[in-house]
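Below: the structure, in structure tokens.
The values are calculated or read from the model by the stated rules, or taken from the named source; none is laboratory data. This is a predicted model, so every value here is computed, not measured. Methodologically, a virtual Cβ is constructed for each residue, glycine included, from the backbone with ideal geometry; neighbour enumeration extends over all protein chains shown.
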Amino acid sequence: MDLDYTPEDIEFRRAARVWLAENVPGEHRPAGVQAGAAFDKAWQKRLFDGGWAGVNWPKQYGGLGLSGVRTLIWWEECERAKAPGYERFTIALTHAGPTLITRGTDEQKSLYLERILKGETIWCQGFSEPGAGSDLAAIKTRGQIDGDYLVVNGQKTWTSGAATAEFQELLVRTEPGSERHKGLTWIICDMSTPGITVQPIGTMMGESDINATFYDNVRIPLKNVVGKIGGGWGVAMSTLAFERGNTFLRDQISMAGKVERAIELARRTITPEGKPAIADLEVARKLAELKADALGLRAMAITNVSNIDRTGQPGPEGSMVKLLVSQVNKQLVELVADISGQPFLDYDGTKASNEWTFDYMWAWVLSIAGGATEIQKEIIADRVLHLPRSR
Amino acid sequence: MDLIPSDDQQQIVDLASAFILNELPLSRLYDAHYDEGLARAQRQSMAELGWIGIALPEEGGGVGMSVLEEALILRELGRVIGPTAIIPTILGAKLADQFGLHDLRGQLLSGEAAAALAIAEEPLSAHADGVTGVARIYDVQDAACVIVIVGEEALLLDASEADMPTVPWLDTFTPVAHRDLAGLRLLGRAPAATTVNNGMLLTAAMLTGLAEGAVAMIRDYAGIRETFGRKIGAYQAVRHPIAEGAARSDHAKSLLYVAALCLHDGRDDAPLQLSAAKVIAHRAASRNADINIQLHGGIGITSDLPAHHFMKRALMLGPWFGGRKVLLDTLLHEPLLTI
């Protein structure tokens with residue numbers, strides 16, 4: 001056990017800090033769907049050109065192959081420099097890309113991986129359906145083999161980024177009459193294929209990029225299947241641990257800074273009674289407790305990367321992280337609403353108009369997307385505690 | 001940077017848990033009462049294992065390890081609601097060493113005597129030959145000395161000839177006296193920070209173990225107890241609170257390790273990390289004690305089952321080396337270290 005950085009770690013941190021200081025865009029990510037995606041592509045291209053793309057992807061696939069500790073350092077420096085996050089590249093970098101690395105053919109790897117790192121292609125996820133969210137194995141969208149093609153009909157939902165994505169990781173039922181985890185196929189879908197309709201879903205935040213995607217006789221070449229026909233469930237699950245272990249790393253380490261910003265806000269905000277909000281002991285102690293919580297989340301991030309460095313991948317403990325990050329975040333934004341008072345409702349439907357208010361609503365996205373809190377508890381109960389199965 | 005115990009540290013953990021399995025299994029608490037002879041024998045066994053002086057240098061009669069190993073052992077003891085006396089005794093041995101009180105140090109390291117911990121019940125005042133003011137004095141059995149924190153000072157008082165009548169007490173496995181500290185001769189005084197920081201770590205470690213022990217107990221029960229024809233662990237109303245308890249334990253454990261390393265390395269943010277670790281571990285221990293009782297159902301509130309001891313111990317350790325409110329008020333303004 002130690003908290004020390006090696007001289008190479010320190011040099012890595014210095015190099016990352018210097019590069020980020022010179023390259024992080026000065027302007028905020030724009031609100032519009034198209035403009036936002038263009039911003040994300042430009043940032044990813046900049047990362048690639050600077051040699052910083054795919055920090056935890058293996059070197060042989062163009063990544064940096066960083067250890068867990070270096071990945072943590074990278075995210076700490078990104079947080080410090082207020083660098084953009086994964087945004088529209090979340091699926092490509094944390095799920096679709098790693099899935100291709102693990103299960104794709106050489107041809108698929110060479111066709112898709114580098115273009116992700118270069119910022120050329122956005123990917124979206126075609127897993128959830130109106131009747132299959134938390135219960136993913138209930139999906140019904142059909143894929144029928146017709147010669148060298150899979151013909152897809154049905155509907156996906158919660159397809160964030162579908163309007164701007166070049167590709168989609170798509171999970172469909174290819175064996176008629178099959179049930180649950182059997183008979184599914186994971187296929188790469190080119191979003192420009194005829195028959196695909198993307199329909200935006202309005203959200204309570206106003207600004208969002210969530211969609212429903214409809215498939216009407218969409219013909220996808222069979223060579224786009226990853227893994228085997230009928231083996232899609234295994235392919236979809238092969239990188240979930242990777243996703244849980246890495247996607248929330250930045251959320252974890254950024255929480256301490258977020259709490260500090262809330263403390264600053266409480267010092268600045270004068271209540272209608274004419275006192276700083278932080279003079280209220282209830283507010284002060286809640287903030288202090290959340291600061292302690294955030295330090296604990298950072299400590300869990302170190303445990304997480306220690307596991308990655310020892311065993312090659314994060315354990316199911318990633319579910320505990322997601323559960324706690326969601327909970328701490330929710331308590332924080334509720335407290336900020338209390339601190340702010342009426343101005344908290346000054347909101348015009350864009351994140352830029354009031355970031356805390358956007359975050360207040362985004363807290364539900366955090367606790368529902370990527371495996372809802374209730375599903376994370378099931379995973380902990382099954383895989384960490386080995387309790388009797390509930391289903 | 002690594003938060004996983006080294007092989008050597010894991011060996012300490014394994015030895016501790018093997019000892020505990022034999023000498024201090026949770027089952028010892030089924031409908032049990034405090035037994036002075038047993039408590040003394042346990043203290044001496046732990047002293048023989050070197051636990052009292054684990055972080056003292058070998059030339060001082062210790063084992064020459066560090067606060068990291070102390071924290072690992074205390075966490076194991078917490079899982080089985082082990083004796084709290086080891087906390088003041090570890091700290092007392094260090095103070096005795098610092099003050100050159102070699103006889104006292106020897107008594108504590110050998111397990112012949114123990115140290116007690118006084119926590120103020122009214123403002124205390126320290127003067128040239130001792131301390132005045134009323135305090136609760138924890139772990140008075142065989143106590144040769146009492147540690148007390150007054151303002152910025154840690155004081156060691158002589159308890160060898162003092163009258164320490166115990167009071168009826170919720171945590172029946174911790175003998176506690178209630179008296180004015182006046183009349184206890186001063187053995188030595190030192191700046192408080194070292195003792196307080198070390199005390200926070202040991203208390204947080206025991207609380208983390210309590211949080212983990214309570215989850216382990218209810219997890220085991222949920223795997224065997226049946227209602228409505230199913231194991232209760234299959235019901236989400238039961239398994240979800242246990243999953244949350246496990247996450248709380250893991251959160252507390254990671255923070256405990258970071259705090260231990262900060263103290264070990266003498267980092268500037270050690271007080272911040274230690275306060276946070278104690279607050280989080282105390283909350284985890286209290287909430288996990290709650291779900292352990294609640295999810296056991298009726299049997300959970302009986303004296304037959306030791307579930308209630310997790311609750312009582314977590315309550316008792318609350319004020320040790322700074323209560324929740326005091327710690328929160330300090331840590332709010334402590335700067336986050338920028339890297």
Inset, instruction - Collect the residues in segment B:33-43 that are surrounded by 15 or more Cβ atoms within 10 Å (Cβ to Cβ) and either touching a residue at least 60 places away in the same chain (Cβ under 8 Å) or in contact with a Ser or Thr (Cβ under 8 Å, 6 or more places away or on another chain) (or both), keeping them in residue-number order. - result: B:ALA39, B:ARG40, B:ARG43
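Considering each of A:VAL18, A:VAL55 in turn, give the residue that is under 21 Å from A:ASP251 (Cβ atoms) and free of Cβ contacts under 8 Å to residues at least 40 places away in the same chain. Let's see the steps before the verdict.
On the way: A:VAL18 fails: under 21 Å from A:ASP251 (Cβ atoms).
So the residue among A:VAL18, A:VAL55 that is under 21 Å from A:ASP251 (Cβ atoms) and free of Cβ contacts under 8 Å to residues at least 40 places away in the same chain is A:VAL55.
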Legend entry - Matching residues, segment A:183-206, being over 26 Å from the mean Cα position of the chain (by Cα) and either closer than 20 Å to A:THR102 by Cα or of a type in the set (Gly, Ala, Ser) (or both): A:GLY183, A:GLY195
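Those residues that are among the hydrophobic types (A, V, I, L, M, F, W, C) and more than 8 Å from chain B (Cβ to nearest Cβ), I need them from segment A:1-18; list them, please.
So the first thing to find is which residues in segment A:1-18 are among the hydrophobic types (A, V, I, L, M, F, W, C), and the list is A:1, A:3, A:10, A:12, A:15-16, A:18.
Listed by number, the residues that qualify are A:ILE10, A:PHE12, A:ALA15, A:ALA16, A:VAL18.
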Legend entry - Unmet requirement for A:GLU273, which otherwise passes all of (1) facing chain B (nearest Cβ under 8 Å); (2) outside any helix (DSSP H, G or I): (1)
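Conditions tested, residue by residue: (1) among the β-branched types (Val, Ile, Thr); (2) assigned to a loop (DSSP other than H, G, I, E, B); (3) at pLDDT 95 or above.
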site: A:LEU171; (1), (2), (3): no, no, yes
site: A:ILE188; (1), (2), (3): yes, no, yes
site: A:ALA236; (1), (2), (3): no, no, no
site: A:ALA241; (1), (2), (3): no, no, no
Legend entry - Search result, residues across segment A:77-105 that are within 22 Å of A:ASN23 (Cα to Cα) and more than 17 Å from the chain's Cα centre (by Cα): A:GLU77, A:ARG80, A:ALA81, A:LYS82
Legend entry - Failed condition for B:ARG28, given (1) modelled with pLDDT of 95 or more; (2) basic (Lys, Arg); (3) within 15 Å of B:GLY213 (Cα to Cα): (1)
Inset, instruction - Test A:VAL235 against the criterion of being buried (at least 23 other Cβ atoms within 10 Å of the Cβ) and not acidic (Asp, Glu), and give yes or no. - result: yes
Inset, instruction - For segment B:9-30, state whether one or more residues are surrounded by fewer than 16 Cβ atoms within 10 Å (Cβ to Cβ), of a type in the set (D, E, K, R), more than 30 Å from B:THR166 (Cα to Cα) and within 14 Å of chain A (Cβ to nearest Cβ). - result: no
Inset, instruction - Answer yes if at least one residue in segment B:292-305 is under 20 Å from the mean Cα position of the chain (by Cα), in a helix (DSSP H, G or I) and surrounded by fewer than 24 Cβ atoms within 10 Å (Cβ to Cβ), and no otherwise. - result: no
Legend entry - Candidate set: segment B:250-279, residues that are in contact (Cβ under 8 Å) with a residue 60 or more places away in the chain and within 7 Å of chain A (Cβ to nearest Cβ); chosen: the one nearest to B:GLY297 (Cα to Cα): B:SER254
Legend entry - Among the residues listed as B:ALA243, B:ALA247, the single one being at the interface with another protein chain (Cβ under 10 Å from one of its Cβ atoms), within 18 Å of A:ILE302 (Cβ to Cβ) and crowded, with 24+ Cβ neighbours inside 10 Å: B:ALA247
Inset, instruction - Considering only segment A:292-391, give the helices (runs of 4 or more DSSP H) lying wholly within it that have at least 1 residues that are within 11 Å of chain B (Cβ to nearest Cβ) and touching a Leu at 6+ places or on another chain (Cβ under 9 Å). - result: A:318-340, A:373-379
Legend entry - Yes/no for B:THR330 being within 14 Å of another protein chain (Cβ to nearest Cβ), at pLDDT below 95 and part of a helix (DSSP H, G or I): yes
Inset, instruction - Could you grab the pairs with beta carbons closer than 7 Å, sequence gap of 6+ or different chains, first residue in segment A:260-286 and farther than 15 Å from B:LEU331 by Cα, second one among the β-branched types (Val, Ile, Thr) and not in a helix (DSSP H, G or I)? - result: A:PRO276/A:THR269; A:PRO276/A:ILE270; A:ALA277/A:THR269; A:ALA277/A:THR271
